[in-house]
Amino acid sequence: MMEPGGATRLFEIERAGADLLASAGKSGAASEAVDIDGFTRFLLAHEIFVAVRKEDGLPVAYAAAAPESDLYWLAGLDVDPAHGRRGIGTALVEAVLMRASWFFFRAVGLSTYGDVPCGAPFYERLGFLRVADAQLPQWLADKRRAETPGGGAGDDRTVMIKWL
């Protein structure tokens, strides 16, 4: 879990992740610069899972999740690009799934970009399923739109569910 004073480092990780998405053509991700106060409010509204470097305890990744209706909603997952592709993101998602099962949630849900490797393809490898737009209840469509950087319609994002 997040340590006191850890918000600044997690904010740095979030910004690095947004820059990575921007380099993949998701330009709204980096321009949606939330300040540290807004990011801290986001952290306080969620359970935060943190992966740290063994040598010195420096956070290198985090996941943010919270109850949302029948779902445990994965609202954020960012890995410092310098520590990417080592299974850290997978380990954090597995921790979120375990936490959700402890509290008897039916599923874990999220919204992500459908066409970038760290988006839907990553979650599909972990057993998440895409929910077709036509099958989205209005509250999930609204949630996807709210999580779309830049206030876009969310057309390039997809909602995904993993049943527990």
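Selection over the stretch 108-131 of residues that are farther than 18 Å from THR90 by Cβ and more than 14 Å from the chain's Cα centre (by Cα) gives a count of 3.
For the stretch 50-74, filtering for residues that are of a type in the set (D, E, K, R) and touching a residue at least 60 places away in the same chain (Cβ under 8 Å) leaves 1. Any residue in the stretch 124-134 that is in a loop (DSSP other than H, G, I, E, B), open to solvent by 20 Å² or more (accessible area, probe 1.4 Å), free of Cβ contacts under 8 Å to residues at least 12 places away in the same chain and of a type outside the set (Val, Ile, Thr)? Checked the stretch 124-134: at least one residue is in a loop (DSSP other than H, G, I, E, B), open to solvent by 20 Å² or more (accessible area, probe 1.4 Å), free of Cβ contacts under 8 Å to residues at least 12 places away in the same chain and of a type outside the set (Val, Ile, Thr). Just one of ASP142, ASP78 is of a type in the set (D, E, K, R), surrounded by 21 or more Cβ atoms within 10 Å (Cβ to Cβ) and either out of contact with any strand residue (DSSP E or B) (no Cβ under 7 Å at 6 or more places or on another chain) or in contact (Cβ under 8 Å) with a residue 12 or more places away in the chain (or both); which is it? Testing whether each residue is of a type in the set (D, E, K, R), surrounded by 21 or more Cβ atoms within 10 Å (Cβ to Cβ) and either out of contact with any strand residue (DSSP E or B) (no Cβ under 7 Å at 6 or more places or on another chain) or in contact (Cβ under 8 Å) with a residue 12 or more places away in the chain (or both) leaves just ASP78. Residues in the stretch 49-67 that are crowded, with 17+ Cβ neighbours inside 10 Å and at pLDDT below 90: there are none.
The values are calculated or read from the model by the stated rules, or taken from the named source; none is laboratory data. As the structure is a computational prediction, the values presented were derived from the model and not from experiment. With ideal geometry, Cβ positions are generated from the backbone for all residues, glycine too; neighbour counts draw on all protein chains shown. For accessibility, only protein heavy atoms count, side chains too; no ligands or nucleic acids. Shrake-Rupley method; radii C 1.70, N 1.55, O 1.52, S 1.80 Å.
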